[in-house]
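Before any comments, here is the structure.
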Amino acid sequence: MPADLPSVLDVRSITAVSGVLGLVMSAVTFFMWRSYPASIRGLREWAWAPLLGFVSAMLFAGRGALPDLLSVVGANMLLFIASLLYYAGSQQFLLGHSDMRRWIGVSLVVGAWLLWFTHVQPDYPARLAGVTLAVCVLYARHAVFYLRQRAAVFGMRLMTAMLLVQAAAAGLRLLSVGLGVAGNGLLEPNWVQMVYITSYAVTVLMMSITAVLMSTDRARMEFESLAAHDPLTGALNRRALREAAQAELQRARANGTSLAVLMLDMDHFKPVNDRFGHHAGDAVLCEVVRRVQEVLGGRGLLGRHGGDEFVVLLSGASREAATSLAERIHAALARPYPLPGGGQEVASLSVSIGIGMAAGEAVTGVDTLLARADAALYQAKAGGRARLATAC
């Protein structure tokens, strides 16, 4: 295979075009960062990365017209920092934090390497080998980070593929140095250079698109979660609770299994708001949900039915199992409640629980089942509160 390619494949032009595409994706990601919820982390880093890539590409394209300090050292360093920002963005997005301390040290070594083999002892193959090795390791490490997440999300799989492609292209370029076919400069129309630069242009564009896809998917899930959950306690809201109850009823009909509904109502909750304030009352309700979820351990669904009233759905639970779990909830909610700021506790709260049961073909509609649990709750309240009652 000939080392040189036709002049129509201009390295300078491809470099400039890849930078412009990166600039466009930087603008898109920037607006997403400013408009998406703050809980979606990583967008800031993903917005800066292609912007630095654009500046780097313009400096690379100015090779020969600009000083080497800018077109060689500066361009390579900006490109490496952009790659680090992609990695930092991934860590922020998936972990909520990033740790680039080691890579900052690597970037300083890369900068020193570039300065030495550009200005002190000019040596293009040595300079190329050092920078390409660092880039290859960085992209491979970034890909491994995604592989360890073991997620089946399309965007993450695509991001992993792009990172592996770029690591492989960098590895091929590094191999070309060892074989002596890397050429004598970046702008030389060498087939290895073309493969590397073209793969970089494509993968950077696709990485930015993938970052947009992952962020959009995360935003959709968060909006769906907000629509289905009570904003104060995090429990299912009334609408989502009814939908979940309908789904559990259908499953019970299909499988011939039982379904239990526990309706919980905090006794004498209004005096908490009157004495300590609504902020304290909200804190108590959040603690109620935390304790109930701790007792459930993922075995049931908890929703806020309204005010200080909650509903637990237990699929496949017998009357004995539902009663046993209700007793454990009763004991958990009877413990004193710490108030915000410390120093005070609400010690006089109790809970009344009504249990509605349905089994197999006898399972009726959601309204009927909730009415059974509500009737049982009324019995518990009428019997003196702080107790359980069951309706079949």
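State yes or no: is residue 366 aliphatic (A, V, I, L, M) and either at pLDDT 95 or above or under 30 Å from residue 255 (Cβ atoms) (or both)?
On the way: aliphatic (A, V, I, L, M): yes; either at pLDDT 95 or above or under 30 Å from residue 255 (Cβ atoms) (or both): yes.
When the stated conditions are applied, residue 366 passes them.
Restricting to region 10-36, what's the tally of residues that are part of a loop (DSSP other than H, G, I, E, B) and in contact with a Lys or Arg (Cβ under 9 Å, 6 or more places away or on another chain)?
Residues of region 10-36 that are part of a loop (DSSP other than H, G, I, E, B), as a first pass: 10, 36.
From what's left, in contact with a Lys or Arg (Cβ under 9 Å, 6 or more places away or on another chain): 36.
Here the count works out to 1.
Considering only region 172-208, state which residues are more than 23 Å from residue 71 (Cβ to Cβ), at pLDDT 85 or above and more than 30 Å from the chain's Cα centre (by Cα).
Listed by number, the residues that qualify are 172, 175, 178, 179.
Any chance region 153-160 includes a residue that's out of contact with any strand residue (DSSP E or B) (no Cβ under 6 Å at 6 or more places or on another chain), among the hydrophobic types (A, V, I, L, M, F, W, C), under 26 Å from residue 16 (Cβ atoms) and surrounded by fewer than 20 Cβ atoms within 10 Å (Cβ to Cβ)? Can you show your working first?
Our first condition is that a residue be out of contact with any strand residue (DSSP E or B) (no Cβ under 6 Å at 6 or more places or on another chain); within region 153-160, this holds for 153-160.
Filter once more, keeping what is among the hydrophobic types (A, V, I, L, M, F, W, C): 153-154, 156, 158-159.
Next, only the ones that are under 26 Å from residue 16 (Cβ atoms) stay: 158-159.
Applying the additional criterion that residues be surrounded by fewer than 20 Cβ atoms within 10 Å (Cβ to Cβ) yields 158.
Yes - at least one qualifying residue is present in region 153-160.
Hey, does region 90-102 have a residue that's over 31 Å from the mean Cα position of the chain (by Cα) and assigned to a helix (DSSP H, G or I)? I'd like the intermediate steps shown before the answer.
Kept after step one, since they are over 31 Å from the mean Cα position of the chain (by Cα), are these residues of region 90-102: none.
So far as region 90-102 goes, no, none of its residues is over 31 Å from the mean Cα position of the chain (by Cα) and assigned to a helix (DSSP H, G or I).
For region 27-34, check the following and say yes or no: at least one residue is open to solvent by less than 70 Å² (accessible area, probe 1.4 Å), farther than 23 Å from residue 194 by Cβ, among the aromatic types (Phe, Trp, Tyr) and modelled with pLDDT of 90 or more. Outline the logic, then answer.
Going residue by residue through region 27-34, those that are open to solvent by less than 70 Å² (accessible area, probe 1.4 Å) are 27-29, 32.
Cutting the leftovers down to farther than 23 Å from residue 194 by Cβ gives us 27-29, 32.
Imposing the further condition that a residue be among the aromatic types (Phe, Trp, Tyr) reduces the set to none.
No, there is no match, as no residue in region 27-34 is open to solvent by less than 70 Å² (accessible area, probe 1.4 Å), farther than 23 Å from residue 194 by Cβ, among the aromatic types (Phe, Trp, Tyr) and modelled with pLDDT of 90 or more.
With the condition kept exactly as written, say whether any residue in region 77-90 is over 19 Å from residue 156 (Cα atoms), among the β-branched types (Val, Ile, Thr), at pLDDT 95 or above and open to solvent by 10 Å² or more (accessible area, probe 1.4 Å).
yes
Kindly list, by first and then second residue, each pair from a residue in region 94-107 that is in contact (Cβ under 8 Å) with a residue 12 or more places away in the chain and of a type in the set (A, V, I, L, M) to a residue that is open to solvent by 50 Å² or more (accessible area, probe 1.4 Å) and part of a helix (DSSP H, G or I), limited to pairs with Cβ atoms under 9 Å and residues at least 6 apart or on different chains.
94/149; 106/137
Within region 316-328, does at least one residue satisfy the condition of being open to solvent by 30 Å² or more (accessible area, probe 1.4 Å), in a loop (DSSP other than H, G, I, E, B) and under 16 Å from residue 241 (Cβ atoms)? Lay out the reasoning, then the answer.
Applying the first criterion (open to solvent by 30 Å² or more (accessible area, probe 1.4 Å)) to region 316-328 yields 316, 318-321, 323-324, 327-328.
This time we only want the ones that are in a loop (DSSP other than H, G, I, E, B), so: 316, 318.
Of the ones still in play, those that are also under 16 Å from residue 241 (Cβ atoms) are none.
No; the residues of region 316-328 include none that is open to solvent by 30 Å² or more (accessible area, probe 1.4 Å), in a loop (DSSP other than H, G, I, E, B) and under 16 Å from residue 241 (Cβ atoms).
Does residue 123 count as more than 22 Å from residue 159 (Cα to Cα) and in contact with a Phe, Trp or Tyr (Cβ under 7 Å, 6 or more places away or on another chain)? Steps first, please.
Values: more than 22 Å from residue 159 (Cα to Cα): yes; in contact with a Phe, Trp or Tyr (Cβ under 7 Å, 6 or more places away or on another chain): yes.
Taking the combined requirement at face value, the residue satisfies it.
Say we look at region 35-69 and pick out the residues that are closer than 19 Å to residue 130 by Cβ and either within 20 Å of the chain's Cα centre (by Cα) or without any contact (Cβ under 8 Å) to a residue 60 or more places away in the chain (or both); which of these is most open to solvent (accessible area, probe 1.4 Å)? First the steps, then the outcome.
Restricting attention to region 35-69, the residues satisfying the condition of being closer than 19 Å to residue 130 by Cβ are 56, 59-60, 63, 68-69.
Those left that are additionally either within 20 Å of the chain's Cα centre (by Cα) or without any contact (Cβ under 8 Å) to a residue 60 or more places away in the chain (or both): 56, 59, 68-69.
Values: 56: 1, 59: 31, 68: 73, 69: 97 Å².
If we take residues in region 35-69 being closer than 19 Å to residue 130 by Cβ and either within 20 Å of the chain's Cα centre (by Cα) or without any contact (Cβ under 8 Å) to a residue 60 or more places away in the chain (or both), then 69 is most open to solvent (accessible area, probe 1.4 Å).
Which ones in region 228-251 are of a type outside the set (Asp, Glu) and open to solvent by less than 50 Å² (accessible area, probe 1.4 Å)?
Looking only at region 228-251, we keep the residues that are of a type outside the set (Asp, Glu), and these are 228-229, 231-242, 244-247, 249-251.
Selection gives 228, 233, 234, 235, 236, 237, 240, 241, 244, 245, 247, 249.
The values are calculated or read from the model by the stated rules, or taken from the named source; none is laboratory data. Computed from a prediction, not measured in an experiment: that's the story for all the values here. Note: ideal-geometry Cβ built from the backbone for every residue, glycine included; neighbour counts use all protein chains shown. Note: accessible area is taken over every heavy atom of the protein model, side chains too, but ligands, DNA and RNA are not part of it. Shrake-Rupley method; radii C 1.70, N 1.55, O 1.52, S 1.80 Å.
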